[in-house]
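Chemist: Mind looking over this structure? Questions follow.
The values are calculated or read from the model by the stated rules, or taken from the named source; none is laboratory data. The structure displayed is predicted, hence computed values, not measured ones. No Cβ is skipped: glycine too gets one built from the backbone with ideal geometry, and neighbour counts run over all protein chains shown. SASA here: full protein model, heavy atoms, side chains in, ligands and nucleic acids out. Shrake-Rupley method; radii C 1.70, N 1.55, O 1.52, S 1.80 Å.
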Amino acid sequence: MRMPNCVGPAVAAPHVSLCGLVAILITLTVSTAAVPGTAWDSGETWSRRDVVGTDFSHGTPPCEECVALQQAIDVAITTRAPSFTVAPPRSGTAYMFGSSSLTLADATDFVLILNSDGNDVALVFDIGGGVGLLGCRNVTVQGGIVDYMPTLAQGRVVTSTLEGPSPSITADFDPAFLKPDPAATPFFNQSGSIKVAFWDPTTKTMIRGNGTLPEAINIFAKGFSAVGPWRYRIGLTGNRQQLPASLTVGTPVTVFPRGGQHSLRLINCTECTVTNLTIHGGSSMGIVDSDGGGGNTYLAVTIARTDTPSLIGLPPRLLATNADGFHSTTNRRGPALLRSEIGFTGDDAGNICSAMSVLLPPPPAHTGVQQRWATPSALFVDVGGNLKTAVKGDVILFYNISTGEPLGEATVAAVPTSTSAAPSVQTMRQAFATMMAPPISAHFVTEVQGHFERGLPVVVPLTAPLAPALQGLWSVGVLMSTANAGAMVHDTVIHDAYARAFMIKGRNATYLRNTLARAGGLHVGPEMVWLEGDPGQRDVLIADSSFDHIGSPAVSVDPSVAVGHDITVVNNTNH
């Protein structure tokens with residue numbers, strides 16, 4: 001039986017070696033039942049290996065080799081091993097994790113090697129699974145391939161009606177992918193938006209109805225009607241300007257929700273490095289980097305679709321990830337994305353941001369928040385989940401939610417806590433509807449509503465009472481210790497994004513020598529509708545880069561970003 005290598009000296013808890021532990025791996029019996037499907041780029045027929053015997057629904061179990069591998073990595077971390085090398089699985093061509101994740105938790109000064117002998121080890125997940133680094137410091141992930149079982153519906157247009165008030169298509173969908181039917185496929189039975197993308201059959205790139213607009217495509221599915229076993233009529237809504245003028249029979253189409261787990265997530269991590277990792281799929285975002293000390297580096301990372309059949313026999317997919325390619329938020333230091341590639345993403349190729357918290361008014365059952373606690377305090381909707389990481393001395397900067405105008409600051413006096421007091425919870429629950437209505441008219445996206453309806457408000461002790469100008473619901477705060485400042489995106493190829501090429505929402509950032517193509521442009525500035533970004537953003541340099549078909553203007557600076565904040569766009573070439 002082939003086993004993962006033990007690296008360096010014997011790495012063991014008392015009487016337990018890693019090699020001995022992994023030797024308990026049990027051979028996985030592999031079923032090769034085939035499900036036919038038609039590849040989008042030719043008339044050829046592919047088959048997928050039904051490796052874990054599932055229908056691609058949630059809850060698929062990991063292979064037994066995966067369970068033993070996770071146990072071995074846990075031992076290596078617990079015993080402070082310097083590194084661990086993963087060998088290819090004995091059964092099949094990839095570790096089939098199903099809806100489970102491969103997790104490195106609370107590791108320090110550790111290297112996980114996924115490319116022993118120069119060959120990348122493949123980890124394949126179903127919706128709900130992914131790779132996670134949680135609470136790690138100075139950990140390196142080296143090499144490897146992350147791939148996914150189907151996360152979308154893919155097919156070809158049969159008929160289309162694009163004019164009039166109710167545009168729609170009818171398409172034949174590939175049985176090797178998901179069925180776009182909420183009744184048959186749980187992943188499609190969700191409240192979130194389900195996006196639709198059309199593809200040029202020759203170039204295999206997304207069709208933008210108006211390629212001059214620096215914006216997302218944002219065409220959404222509105223109702224599914226079965227007219228055959230794998231033929232569906234789908235209503236279309238959303239951005240009519242990005243709807244093609246016409247569609248020929250056979251035009252490829254993808255229909256994709258977002259959800260489950262991210263392909264790779266670094267949560268509460270500090271000074272970690274991911275190098276030479278390839279991500280070929282994902283039901284949500286490709287890489288999420290959040291809620292830690294930050295300063296993480298992503299070097300020679302690739303997020304892109306496969307143009308050939310996958311390791312487990314799936315036909316080529318048109319889309320790599322169903323949501324953002326790279327998303328970083330609420331770290332103490334921003335990330336470095338260097339010499340990498342991000343392409344074919346179901347939303348923005350990249351987004352580096354922070355979170356805004358909504359200042360709530362005093363609960364109605366009390367004369368004022370200040371009188372309910374021993375020290376001056378303020379009540380917030382903790383949109384980014386980062387307020388409770390604040391420590392004494394951290395600063396919150398406040399801005400007007402309508403104009404972005406700076407309103408002042410407050411200093412944290414002690415670690416914030418959540419409160420379950422009924423008046424405070426009621427105030428938070430009611431705040432969303434109040435803010436959406438005049439006179440505030442916040443225009444939040446639907447996804448923001450959940451932050452008000454779930455969880456608890458957070459009480460932040462302050463060194464002094466809030467200034468009178470800081471009014472509840474009209475004011476948002478940015479915890480500056482988690483503003484994700486200092487990001488670097490250098491020498492990276494960014495292409496074929498459903499939405500923007502990159503969202504630049506943090507201060508003191510550099511975007512240098514990048515190549516961008518076929519996306520919705522670069523956006524600089526906060527997005528109040530998402531409660532993302534830093535309204536006080538400043539000192540951003542975008543230089544020496546190439547722009548090709550990313551809309552006009554290629555770089556958009558939000559009007560809320562103050563003049564004189566040194567947003568510099570220089571020496572770029574627009575093709």
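Chemist: Could you look through the stretch 49-72, keep only residues that are crowded, with 21+ Cβ neighbours inside 10 Å and modelled with pLDDT of 55 or more, and pick out the one that is farthest from Leu152 (Cα to Cα)?
Modeler: Top of the filtered list is Ala72.
Chemist: Do we have Ala171 as of a type in the set (A, V, I, L, M) and either closer than 27 Å to Gln449 by Cβ or not in a loop (DSSP other than H, G, I, E, B) (or both) here?
Modeler: On the way: of a type in the set (A, V, I, L, M): yes; either closer than 27 Å to Gln449 by Cβ or not in a loop (DSSP other than H, G, I, E, B) (or both): yes.
So Ala171 passes the test.
Chemist: Determine which single condition Pro167 fails, assuming it passes every other condition in (1) at pLDDT 95 or above; (2) open to solvent by 10 Å² or more (accessible area, probe 1.4 Å); (3) not hydrophobic (A, V, I, L, M, F, W, C).
Modeler: Unmet for Pro167, out of (1) at pLDDT 95 or above; (2) open to solvent by 10 Å² or more (accessible area, probe 1.4 Å); (3) not hydrophobic (A, V, I, L, M, F, W, C): (2).
Chemist: Right, here's the next one. Somewhere in the stretch 237-244, is a residue of a type in the set (Gly, Ala, Ser), part of a loop (DSSP other than H, G, I, E, B) and at positive phi? Write out each step before concluding.
Modeler: The initial filter retains those residues of the stretch 237-244 that are of a type in the set (Gly, Ala, Ser), namely 238.
The next check asks that each one be part of a loop (DSSP other than H, G, I, E, B); those that pass are none.
No; the residues of the stretch 237-244 include none that is of a type in the set (Gly, Ala, Ser), part of a loop (DSSP other than H, G, I, E, B) and at positive phi.
Chemist: Right, another one. Scan the stretch 313-327 and tell me whether some residue there is surrounded by 22 or more Cβ atoms within 10 Å (Cβ to Cβ), modelled with pLDDT under 95 and among the charged types (D, E, K, R).
Modeler: Yes, the stretch 313-327 contains a residue that is surrounded by 22 or more Cβ atoms within 10 Å (Cβ to Cβ), modelled with pLDDT under 95 and among the charged types (D, E, K, R).
Chemist: Ok, one more. How many residues are of a type in the set (Phe, Trp, Tyr) and touching a Cys at 6+ places or on another chain (Cβ under 8 Å) if we restrict to the stretch 96-155?
Modeler: Residues of the stretch 96-155 that are of a type in the set (Phe, Trp, Tyr), as a first pass: 97, 110, 125, 148.
So of that shortlist, the ones also touching a Cys at 6+ places or on another chain (Cβ under 8 Å) come out as 97, 110.
Number satisfying all stated conditions: 2.
Chemist: Considering only residues of the stretch 499-535 that are of a type in the set (Phe, Trp, Tyr) and in contact with a strand residue (DSSP E or B) (Cβ under 8 Å, 6 or more places away or on another chain), which is farthest from Ser475 (Cα to Cα)?
Modeler: Filtering the stretch 499-535 for residues of a type in the set (Phe, Trp, Tyr) gives 502, 511, 530.
Okay, now just the ones that are also in contact with a strand residue (DSSP E or B) (Cβ under 8 Å, 6 or more places away or on another chain), so 502, 511.
Numbers: Phe502: 27, Tyr511: 30 Å.
Within the stretch 499-535, the match that is farthest from Ser475 (Cα to Cα) is Tyr511.
Chemist: When the residues of the stretch 372-431 are filtered to those that are of a type in the set (D, E, K, R) and over 23 Å from Asn331 (Cβ atoms), which remaining residue is least open to solvent (accessible area, probe 1.4 Å)?
Modeler: Within the stretch 372-431, the first condition is being of a type in the set (D, E, K, R), and the residues that meet it are 372, 382, 388, 392, 394, 405, 409, 429.
Now narrow it down to the ones that are over 23 Å from Asn331 (Cβ atoms): 372, 405, 429.
Details: Arg372: 56, Glu405: 102, Arg429: 86 Å².
Of everything passing the filter in the stretch 372-431, Arg372 is least open to solvent (accessible area, probe 1.4 Å).
Chemist: Scan the stretch 509-557 residue by residue and report those that are assigned to a loop (DSSP other than H, G, I, E, B) and free of Cβ contacts under 8 Å to residues at least 60 places away in the same chain. Steps first, please.
Modeler: Taking the stretch 509-557 as the starting set, the residues that turn out to be assigned to a loop (DSSP other than H, G, I, E, B) are 513-514, 518-521, 525-526, 528-531, 533-539, 544-545, 549-554.
Those that are assigned to a loop (DSSP other than H, G, I, E, B) and free of Cβ contacts under 8 Å to residues at least 60 places away in the same chain: Arg513, Asn514, Gly525, Gln537, Arg538, Asp539, Asp544, Ser545.
Chemist: Out of curiosity, is Leu247 within 22 Å of the chain's Cα centre (by Cα) and either buried (at least 18 other Cβ atoms within 10 Å of the Cβ) or part of a strand (DSSP E or B) (or both)? Steps first, please.
Modeler: Values: within 22 Å of the chain's Cα centre (by Cα): no; either buried (at least 18 other Cβ atoms within 10 Å of the Cβ) or part of a strand (DSSP E or B) (or both): yes.
It is false that Leu247 is within 22 Å of the chain's Cα centre (by Cα) and either buried (at least 18 other Cβ atoms within 10 Å of the Cβ) or part of a strand (DSSP E or B) (or both).
Chemist: Would you please list the contacts, defined by Cβ atoms under 8 Å and residues six or more apart or on different chains, that run from a residue in the stretch 378-398 that is free of Cβ contacts under 8 Å to residues at least 24 places away in the same chain to a residue that is surrounded by fewer than 17 Cβ atoms within 10 Å (Cβ to Cβ) and assigned to a strand (DSSP E or B)?
Modeler: Close Cβ pairs (under 8 Å, with a partner that is surrounded by fewer than 17 Cβ atoms within 10 Å (Cβ to Cβ) and assigned to a strand (DSSP E or B)) amount to Gly393/Thr411.
Chemist: While we're here: Could you list all residues from the stretch 531-575 that are closer than 18 Å to Asn351 by Cβ and either among the hydroxyl-bearing types (Ser, Thr, Tyr) or surrounded by fewer than 15 Cβ atoms within 10 Å (Cβ to Cβ) (or both)?
Modeler: Ser545, Ser556, Ser560
Chemist: Going residue by residue through the stretch 142-157, is there one that turns out to be of a type in the set (Ser, Thr, Tyr), over 20 Å from the mean Cα position of the chain (by Cα) and open to solvent by less than 60 Å² (accessible area, probe 1.4 Å)?
Modeler: So far as the stretch 142-157 goes, no, none of its residues is of a type in the set (Ser, Thr, Tyr), over 20 Å from the mean Cα position of the chain (by Cα) and open to solvent by less than 60 Å² (accessible area, probe 1.4 Å).
Chemist: Would you mind finding the one in Gly228, Gly223 that is touching a residue at least 40 places away in the same chain (Cβ under 8 Å), surrounded by fewer than 18 Cβ atoms within 10 Å (Cβ to Cβ) and over 21 Å from Ala499 (Cα atoms)?
Modeler: When all the criteria are applied, what remains is Gly228.
Chemist: Looking at (1) farther than 22 Å from Ser284 by Cβ; (2) part of a strand (DSSP E or B); (3) in contact with a Phe, Trp or Tyr (Cβ under 8 Å, 6 or more places away or on another chain); (4) of a type outside the set (D, E, K, R), which is the one condition that is false for Gly223?
Modeler: All conditions pass for Gly223, except number (3).
Chemist: Being modelled with pLDDT of 95 or more and under 30 Å from Ala304 (Cβ atoms): is that true of Ile342 here? Before the answer, list the steps.
Modeler: Working: modelled with pLDDT of 95 or more: yes; under 30 Å from Ala304 (Cβ atoms): yes.
In short, yes.
Chemist: Also, I was wondering about something else. Could you list, in sequence order, the residues of the stretch 454-500 that are β-branched (Val, Ile, Thr) and either open to solvent by less than 20 Å² (accessible area, probe 1.4 Å) or outside any strand (DSSP E or B) (or both)?
Modeler: Residues satisfying the conditions are Val458, Val459, Val460, Thr463, Val476, Val478, Thr482, Val489, Thr492, Ile494.
Chemist: When the residues of the stretch 170-211 are narrowed to those that are farther than 20 Å from Asn239 by Cα and acidic (Asp, Glu), which ends up most open to solvent (accessible area, probe 1.4 Å)?
Modeler: Asp172
Chemist: Does any residue of the stretch 269-277 turn out to be in a loop (DSSP other than H, G, I, E, B), modelled with pLDDT of 95 or more, among the hydroxyl-bearing types (Ser, Thr, Tyr) and under 27 Å from Thr140 (Cα atoms)?
Modeler: Taking the stretch 269-277 first, the residues in a loop (DSSP other than H, G, I, E, B) are 269, 271-272, 276-277.
So of that shortlist, the ones also modelled with pLDDT of 95 or more come out as 269, 271-272, 276-277.
Cutting the leftovers down to among the hydroxyl-bearing types (Ser, Thr, Tyr) gives us none.
No, because not a single residue in the stretch 269-277 is in a loop (DSSP other than H, G, I, E, B), modelled with pLDDT of 95 or more, among the hydroxyl-bearing types (Ser, Thr, Tyr) and under 27 Å from Thr140 (Cα atoms).
Chemist: I need a count of the residues in the stretch 116-130 that are open to solvent by 10 Å² or more (accessible area, probe 1.4 Å) and touching a strand residue (DSSP E or B) at 6+ places or on another chain (Cβ under 6 Å). Write out each step before concluding.
Modeler: Step one: of the stretch 116-130, the residues open to solvent by 10 Å² or more (accessible area, probe 1.4 Å) are 116-120, 128.
With the extra rule that they be touching a strand residue (DSSP E or B) at 6+ places or on another chain (Cβ under 6 Å), the set shrinks to 116, 120.
Total meeting the criteria: 2.
Chemist: Going through the stretch 74-101 one residue at a time, which ones are in contact with a strand residue (DSSP E or B) (Cβ under 6 Å, 6 or more places away or on another chain) and under 16 Å from Ala122 (Cβ atoms)?
Modeler: Thr85, Pro89, Ala94, Tyr95, Met96, Phe97, Ser101
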